[in-house]
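In what follows, a structure is listed as structure tokens, so that the remarks can point back to it.
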Amino acid sequence: MKNSPLFKALSKKFSAPLLVVPIRGSFWERDIKGPRYRKKTERNYLDDMKYGIKELKNEVQLWKEEMSEKFQYDPKVYMPDDSEIVWTFDTKEKLNQWVCTSDSDNKDGFSHCDLTLSKNKKGLFSGFLDCRVPKDGQIKESGYCNIRCLRARKSFKRDSFFDWQMFTHLILRIRGDGRSYMLNLTTTGYFDVMWHDIYNYILFTRGGPYWQVAKIPFSKFFLSSKGRIQDKQDPIPLDKITNIGITCAGKTPGPFQLEIDYIGVHFDGNHTEEFAYEMYNVPSFIVGV
Amino acid sequence: MLTLPIINLFSLPLILGTMITMSSSSWLMAWMGLEMNLMGFIPLISTHSNKRASEASLKYFLIQTIASSTFLFSFLLSSSFSIIQFTMMTPWMIPFMVILTLSVKLGAAPFHMWLPTVAEGLSWTNCLILMSWQKMAPLSIISMIFPKNPLIIIIATLSAISGSMGGLNQTSLRKILAFSSISHMAWMLSSMLISKMLWLFYIFIYSIIISSIILCFAPFNMLHINQVSTNQNKKLNSLITINLLSLGGLPPFLGFLPKWLIMFYLLQMNMFLMVSILIISTLINLYYYTRISYSSLLLINSNNKWMKTKTPPLTKQLPLSMISLFGLITSMLTFTLL
């Protein structure tokens, strides 16, 4: 494992762990955020009810659209060389579908970042990456900024998935600053051991003034859980994707910016690779592997 | 990991369990056969290499055990009323409960929601076992004990409607075949109103057709509609079309024969509404079967010159598909000659 080219490439930029936590005795987790980041909020029931009534109108509208699409019974079948643009960054409403976090929001560091509309009407993920470690006693390394889209959802706040089973590639039209960014495809599972399953890929950007269309096959994404790359790798389940995110992290402090035109998916009929990493299965009587 | 020793070990309880249920003379042995079948099937489907397969096998295990335990409870309850068999003294709820729990095990509506999600997570071979062999044991219990229960009519109707309507909005092949298995369940249950052996004939022919379909999809690793439509192998496309049309019950193919028999005898029993619901649901099923194959035969005809992939010869697929193609004609000829 330690001699594999994947591990060597990743250990140069992202070396785990970022923080020290007490040893856990079990895999069971009470909630998805974890004890360090769990926030206690006091709820006012009257405000909640008023908010709920306001949301009801939007949700009923969404539900009507869902039902009309469902009863049309005409699922879209994509042909080779078809693409679908899933996110564009033209307007501020579209930017509201993305959540921008940095380590200073979680009291883990001093970086700051923002997702704004650039003067070309494209999304601009920019900020300052600060690798100074706060004197917490728990944190070992610091410096990360992240944008993540809101979870795919159905009407009445029900969780849903992005179904990209018919596609083979992820395409992004971006203009970076030469840094390498990490693409994260979160596939939150139902059970708590699968809550933090994220498929990653390191996107290298060119710093130039020209736009770059990155066409990344889904077979190249590798599985990690809570930031740690898993030994037992799996091809990404394309019908269970919940979020997509872009992370800027590393050991080089300084400003960063990534301009994004669109993020979409593409079906390449000639792409036959199932998974780029080890696919052989060792029989269960062979231990230690 | 599914090695040959594991397959050899666990296929024995899988087969024997169903045999025990089908040849049992007591409730307990029938239940025991169901459990043995489950114990044999679970190791075959829960591979640790694939996250999705282990999740599907967990869901399958939970559903089947809940159904088995409720089935055990319901027949124990019946024996508290009458020790030997059902008599006029037993309340109507007990056959109700038994049939409902067995329909959970079968994946018949209204308890069919688990079948598409579980089928999606399994490999093609396990999908085939799930849709053909796993249906035998619960259907045999229903046919032996309650063949002419009115609840069967309700379950058959619901299965026909939900199997046809549910499959319309799907693009994943395994989910489509799962919904088609739900609607074929409707035909099998309605055949029990006619005779005790007709469902066996139906499931035998259904198993032949579905194994020839899966034999076409599995070696080429086809999991989605657009993979079938972009397939350039013309022989394979025609075999897939023949088998899918046979599954839909179109006349020159074998799949029409069991449906024809069931329709004929149900009409003789004056069950016109039932037959019309079954036929309409079959028509809807046929729509989404042809949607899989028509684009490969009629619309897309591109051959890449620079991409040379070696496709394996169709030696396994051909014999079974020939049964689908010529089975009806040969069986009719033999019946007329005899």
Mind telling me which of the residues A:Tyr78, A:Tyr73, A:Tyr51 ends up being surrounded by 13 or more Cβ atoms within 10 Å (Cβ to Cβ) and without any contact (Cβ under 8 Å) to a residue 24 or more places away in the chain?
A:Tyr73
Quick test of your reading of the structure: B:Met165 fulfils all but one of (1) buried (at least 22 other Cβ atoms within 10 Å of the Cβ); (2) modelled with pLDDT of 90 or more. Name the failing condition by number.
(1)
Based on this model, can you work out whether B:Leu128 counts as assigned by TED's automatic domain parsing to the domain that holds B:Met269, touching a helix residue (DSSP H, G or I) at 6+ places or on another chain (Cβ under 9 Å), at pLDDT 95 or above and part of a helix (DSSP H, G or I)?
no
Out of A:Ile147, A:Ile139, I need the residue that is touching a Leu at 6+ places or on another chain (Cβ under 7 Å), over 26 Å from A:Asp268 (Cα atoms) and at pLDDT 95 or above. Which one?
A:Ile147
Among residues of the stretch B:2-55 being among the hydroxyl-bearing types (Ser, Thr, Tyr) and under 17 Å from B:Asn126 (Cα atoms), the residue modelled with the lowest pLDDT is B:Ser49
Take A:Lys107 and tell me if it is at pLDDT below 95 and touching a Ser or Thr at 6+ places or on another chain (Cβ under 9 Å).
no
Might you check whether a residue that is within 14 Å of chain A (Cβ to nearest Cβ), within 26 Å of A:Tyr73 (Cβ to Cβ) and of a type in the set (Gly, Ala, Ser) occurs anywhere in the stretch B:229-237?
yes
Answer yes if at least one residue in the stretch B:25-43 is within 14 Å of another protein chain (Cβ to nearest Cβ), among the polar types (S, T, N, Q) and assigned to a helix (DSSP H, G or I), and no otherwise.
no
Checking A:Phe167 against (1) under 21 Å from A:Leu258 (Cβ atoms); (2) in contact with a His (Cβ under 9 Å, 6 or more places away or on another chain), which single condition isn't satisfied?
(1)
Could you check B:Ala160 against (1) at pLDDT 95 or above; (2) within 26 Å of B:Ala53 (Cα to Cα); (3) of a type outside the set (Phe, Trp, Tyr) and say which number it fails?
(2)
Restricting to the stretch B:208-238, what's the tally of residues that are assigned to a helix (DSSP H, G or I) and either within 18 Å of B:Ser180 (Cα to Cα) or not polar (S, T, N, Q) (or both)?
15
Can you name every one of the helices (runs of 4 or more DSSP H) wholly within the stretch B:254-338 that holds 3 or more residues which are touching a Pro at 6+ places or on another chain (Cβ under 9 Å) and modelled with pLDDT of 80 or more?
B:317-337
Filter the stretch A:81-116 for residues that are within 14 Å of another protein chain (Cβ to nearest Cβ) and surrounded by 12 or more Cβ atoms within 10 Å (Cβ to Cβ); which is farthest from A:Cys131 (Cα to Cα)?
A:Asp82
Looking at A:Asp159, A:Asp177, A:Asp192, can you tell me which residue is within 14 Å of chain B (Cβ to nearest Cβ) and of a type in the set (Asp, Glu)?
A:Asp192
How about the stretch B:164-193: which of its residues are assigned to a helix (DSSP H, G or I) and within 14 Å of chain A (Cβ to nearest Cβ)?
B:Ser164, B:Met165, B:Gly166, B:Gly167, B:Leu173, B:Arg174, B:Lys175, B:Ile176, B:Phe179
Restricted to the stretch B:56-68 and to residues being modelled with pLDDT under 95 and buried (at least 19 other Cβ atoms within 10 Å of the Cβ), the residue nearest to the other protein chains (Cβ to nearest Cβ) is B:Ala56
Taking the stretch A:238-270 and keeping only residues that are within 11 Å of chain B (Cβ to nearest Cβ), touching a Ser or Thr at 6+ places or on another chain (Cβ under 6 Å) and either part of a loop (DSSP other than H, G, I, E, B) or of a type in the set (S, T, N, Q) (or both), one is left with A:Lys240, A:Asp268, A:Gly269
Looking only at the stretch A:212-237, count every residue that is more than 14 Å from A:Leu185 (Cβ to Cβ), more than 14 Å from chain B (Cβ to nearest Cβ) and not in a strand (DSSP E or B) and tell me the total.
2
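The values are calculated or read from the model by the stated rules, or taken from the named source; none is laboratory data. Just so it is clear, the model here is predicted, and its values are computed rather than measured. Every residue, glycine among them, receives a Cβ derived from its backbone with ideal geometry; neighbour counts consider all protein chains shown.
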